[in-house]
Amino acid sequence: MNDSVLHRLSEVLEARKQASADESYVASLHAKGLNKILEKVGEESVETILAARDAEQSGNNEKLIYETADLWFHSLVMLSHLGEDASAVLTELNKRFDLSGLDEKAQRTINKER
């Protein structure tokens, strides 16, 4: 997998924050604020879930890929709105390579109890 697409997209999203809301979808989301961005992330999450269910039944992942791209895109807009980008998520994922998912989950449970 190549993270250059995420890097390029992060650059575009950052630039669009300064664009006119009348000329840029991303700028219009930022102008409407975090709640609107979160609404879009939630909407795309549901659409991705439904597409996954349909893909399992049909064997066709085309719509699932499309909806996942929308979900990732709107998640990146959310991160951008809060001053982060894809590199922060990639760094977090990279930290998890040497950690079992079960161990990581157990560690979260221990930290919540403290």
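Of note:
- Rounded to 10°, Cα long-axis angle of helix 62-81 versus longest principal axis of the chain: 80
- Helix axis angle, 34-58 relative to the chain longest principal axis, alpha carbon, degrees: 60
- For the chain, the longest principal axis of the Cα atoms and the long axis of helix 86-95 meet at an angle of about 10 degrees.
- Over the range 1-69: Rg over Rh, Cα atoms, Kirkwood Rh: 1.08
- Within the shell defined by Cβ-Cβ distances under 14 Å, the residues around D70 carry a net charge of -4, with Lys and Arg each +1 and Asp and Glu each -1.
- Computed FRET value (nearest 0.05) for E56 with L93, which takes r as the C-beta separation and R₀ as 30 Å: 0.75
- Taking the chain and dividing mean pair separation by its residue count, relative contact order in percent (alpha carbons under 8 Å, at least six apart): 24
Each reported figure results from applying straightforward, stated rules to the coordinates on display, with no laboratory input. Given the structure is predicted, the values throughout are model-derived calculations rather than measurements. In this analysis, Cβ positions are derived from the backbone assuming ideal geometry, glycine residues included, and neighbour counts consider all displayed protein chains.
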